[in-house]
Amino acid sequence: MRRVWAILVAGVFLYFLVGQFLPIIPTFGNVDLFARVAFDIINKSTTTNYNAVEFKKSKDLEDGSANVVTSIVVNYRSFDTLGEVSVLFCAAIGVGILASMLKSKKRIEFEEHKVLRISTGIVLPLILLFGAYIFIHGHLSPGGGFPGGTTIALGVLLLMLSNNEFKVTNVAKYVEQSAGAGYVVIGLMGMAIGGVFLMNFLPTGVVGNLFSAGVVPIVYTFIGFKVGAELSNVISDLREG
Amino acid sequence: MSNIIYYVSFIILGIGIYGIVSQKNLFKQLISLSIIDTAVNIFIVALGYVEWGEAPIYSTITPVANFVDPLPQALVLTAIVIGVGILALGSVLLVHINEKYGSLDPDEIRDTREVVE
């Protein structure tokens, strides 16, 4: 009976979406980018006059990151990202508090395996290096602070699975707090220099160089450290109980 | 037939709604919520696709802009991170519920509460 109801409810939702919603959205791939906000962002100029951006040639633009998604996330909508980081922070704190309130303090023990333990020693530095690469090159290639931090946290998880004595120490908490504070300090510096919170106050350089895009790589490095430490804390809280 | 990706995301959304309504285990309902999250993300990214557009990154392959809409992708990046937060917090809350009532079935939890009161 429950399943029949479920199929009915899901069917009504699908009928509504396909019947009412599909006709008013553009067909797949048929998007006029000139009419959208994204056109200004892709050409890195929110004023009326613009020139087409060219890789490794255009310089001193509004925002110098080659990855346009990064330039939206960390430059044009940076305040939004600050809020997002705060939401993740609140979730991590909530997980920590709720996990420490559990009555049965049962630590999850894994069966130690020699092959996993030795191969972790080989693979772990590469995982951490790859995570750091992802968030340092967030303005040039796919990725950024969030995937890079998650990769680092996965390295910590691998360490936890292979070694029963391993514990995430308080260092992770300090890293998280100072990285979060660093993001706000960058914002306040923008306010002091340019008059706008989270303004890109450094020179933006040539599109496609490693040292370009002003504060974007710095902010993404902070976010990478913060997310890595935060997710390591979440995993560790869930394990320690 | 070009709209097939929209139908795919709607079908995944339907699977999620079916899971929330039909399952009795609260953890399975949380996973269904996560599936709905994924479906909405697929839908939003699909809204920004431009035909023959490349990934919105200036590189040696695409030195001049021929891109899909980057704005939905940026919004989805935010949504994914918040989805992770919801999943972590929700699962810890479910551990609490399981510790207090010894079950994750809403009906059994209701029965236990009535006995306690």
Point to revise | Leading residue at positive end of dipole, the stretch B:4-116 (Cβ point charges), from B:VAL68, B:ILE57, B:GLY83 | key: B:GLY83
Review point. Gap in Å between the Cα centre of the stretch A:83-98 and the Cα centre of the stretch B:86-104?
Key: 17
Revision key, fill the gap. Expressed as a percent, the accessible surface of chain A that is carbon or sulfur, using a 1.4 Å probe and the full set of protein chains, is 70
Exercise for review: Determine the share of the stretch B:4-116's accessible area contributed by carbon and sulfur atoms, expressed in whole percent, with a 1.4 angstrom probe.
Suggested key: 69
Practice item. Can you work out the accessible area per residue across chain A, with the rest of the protein chains kept in place, probe 1.4 Å, in square angstrom? Key: 53
Exercise for review: Counting only GluC sites (Glu not before Pro) that are in a DSSP loop and have at most 14 other C-beta atoms within 10 Å, tell me the longest site-free stretch of chain A.
Suggested key: A:1-108
Study note, to complete from the structure: With +1 at each Lys and Arg Cβ and -1 at each Asp and Glu Cβ, the charge dipole magnitude of the stretch A:32-179 around its Cα centre, to the nearest 20 debye, comes out at 520
Exercise for review: Return the long-range amide H neighbours of B:PHE67 (sequence gap of 5 or more, or a different chain), with a cut-off of under 5 Å between placed amide H atoms.
Suggested key: B:GLU54
Exercise for review: Report, to the nearest 10°, how far helix B:26-47 tilts away from the longest principal axis of the Cα atoms in chain B, using its own Cα long axis and a range of 0 to 90°.
Suggested key: 20
Revision key, fill the gap. Residues hit by the 20 Å² burial cutoff in the stretch A:83-98, accessible area with a 1.4 Å probe, assembly against chain on its own, are A:GLU84, A:VAL87, A:LEU88, A:ALA91, A:VAL95, A:LEU98
Check your understanding: Taking θ as phi - 60°, what are the ³J(HN,Hα) couplings along the stretch A:130-142 by the Karplus curve (6.51, -1.76, 1.60), each to the nearest whole Hz, with x for Gly and Pro?
Key -> 5, x, 5, 4, 4, 7, 6, 8, x, 8, 10, 10, x
**Study point:** Cα-Cα over 26 Å, subset of A:LYS44/A:LYS226; A:LYS114/B:LYS28; A:LYS105/A:LYS167
**Key:** A:LYS44/A:LYS226; A:LYS114/B:LYS28
Check your understanding: Using a 1.4 Å probe on protein heavy atoms only, how many Å² of accessible area do A and B hide from each other, summed over both chains and rounded to 100?
Key -> 4800
Point to revise | Size of electric dipole in the protein assembly as shown: Cβ of Lys, Arg +1 and of Asp, Glu -1, about Cα centre, debye, nearest 20 | key: 500
Review point. For the stretch B:4-116, what is the charge dipole size about the Cα centre, in debye to the nearest 20, if Lys and Arg each add +1 at the Cβ and Asp and Glu each add -1 at the Cβ?
Key: 120
Revision key, fill the gap. Plugging the Cβ-Cβ distance of A:VAL9 and A:PHE34 into 1/(1 + (r/R0)^6) at R0 = 45 Å yields, to the nearest 0.05, a FRET efficiency of 0.65
Point to revise | Selection from A:LEU82, A:THR46, A:SER58 lying farthest towards where the dipole of the stretch A:40-88 points positive, charges on Cβ | key: A:SER58
Practice item. Taking chain B as the reference, fit the longest principal axis to its C-alpha atoms, fit the long axis of helix B:106-116 to the helix C-alpha atoms, and give the angle between the two in degrees, 0 to 90, nearest 10. Key: 30
**Study point:** Signed unit charges on C-beta, dipole axis of the stretch A:1-136, positive-most listed residue A:SER100, A:PHE130, A:LEU22
**Key:** A:SER100
Check your understanding: By its C-alpha gyration tensor, with a ≥ b ≥ c as the square roots of the eigenvalues, how is the protein assembly as shown shaped: rounded for a/c under 1.5, else prolate for a/b larger than b/c, else oblate?
Key -> oblate
Check your understanding: Considering only protein heavy atoms, what per residue accessible area in square angstrom results for the stretch B:4-116 with a 1.4 angstrom probe?
Key -> 51
Revision key, fill the gap. Comparing each residue of the stretch B:8-41 in the complete protein assembly with the chain by itself (heavy atoms, probe 1.4 Å, ligands and nucleic acids ignored), those losing at least 50 Å² of accessible area are B:PHE10, B:ILE17, B:TYR18, B:VAL21
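The values are calculated or read from the model by the stated rules, or taken from the named source; none is laboratory data. None of these values were measured; they are calculated from a predicted model. We place every Cβ from the backbone using ideal geometry, glycine too, and count neighbours over all the protein chains shown. SASA here: full protein model, heavy atoms, side chains in, ligands and nucleic acids out. Shrake-Rupley method; radii C 1.70, N 1.55, O 1.52, S 1.80 Å.
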